[in-house]
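Here is the structure we will look at, set down as structure tokens.
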Amino acid sequence: MNLSKLKPGEKGKITSIGAIGPLKRRLMDMGVLVGEEVTVMKVAPLGDPIEVKIKSYNLSLRKKEAEGIGVEESR
């Protein structure tokens, strides 16, 4: 499952980051790391962007970026 499949209010644990190069570095610099808990806060009406909460801050990701982040849904 990837991050873009989670609905607002759902939580997940990051299992993989499929991005490469500068995008992967940028995501990691923003705290998107394997093992981190992520909560989807809201999704724009057309599905792009997706606002998520990682650690104690909110982060907006494009849907294409979120599709490359593997998550395991948690309750």
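The values are calculated or read from the model by the stated rules, or taken from the named source; none is laboratory data. Model, not experiment: these values are computed from the prediction. Quick reminder, even Gly has a Cβ in these numbers, built from the backbone with ideal geometry, and neighbours come from all protein chains shown.
Between 38, 32, which is surrounded by 14 or more Cβ atoms within 10 Å (Cβ to Cβ) and either outside any loop (DSSP other than H, G, I, E, B) or in contact with a Gly (Cβ under 8 Å, 6 or more places away or on another chain) (or both)?
When all the criteria are applied, what remains is 38.
Taking the condition of being exposed (fewer than 14 other Cβ atoms within 10 Å of the Cβ), part of a loop (DSSP other than H, G, I, E, B) and at pLDDT below 90, how many residues in the range 6-24 meet it?
2
Please go through the range 6-47 and pick out each residue that is small (Gly, Ala, Ser) and under 12 Å from residue 70 (Cα atoms).
Within the range 6-47, 12, 16, 18, 19, 35 qualify.
Given the options 27, 3, 46, name the one that is hydrophobic (A, V, I, L, M, F, W, C), modelled with pLDDT under 90 and out of contact with any strand residue (DSSP E or B) (no Cβ under 7 Å at 6 or more places or on another chain).
Only one candidate qualifies: 46.
Among the residues of the range 2-55, write down those that are at positive phi, of a type in the set (Gly, Ala, Ser) and touching a residue at least 24 places away in the same chain (Cβ under 8 Å).
Answer for the range 2-55, where residues must be at positive phi, of a type in the set (Gly, Ala, Ser) and touching a residue at least 24 places away in the same chain (Cβ under 8 Å): 9, 31, 47.
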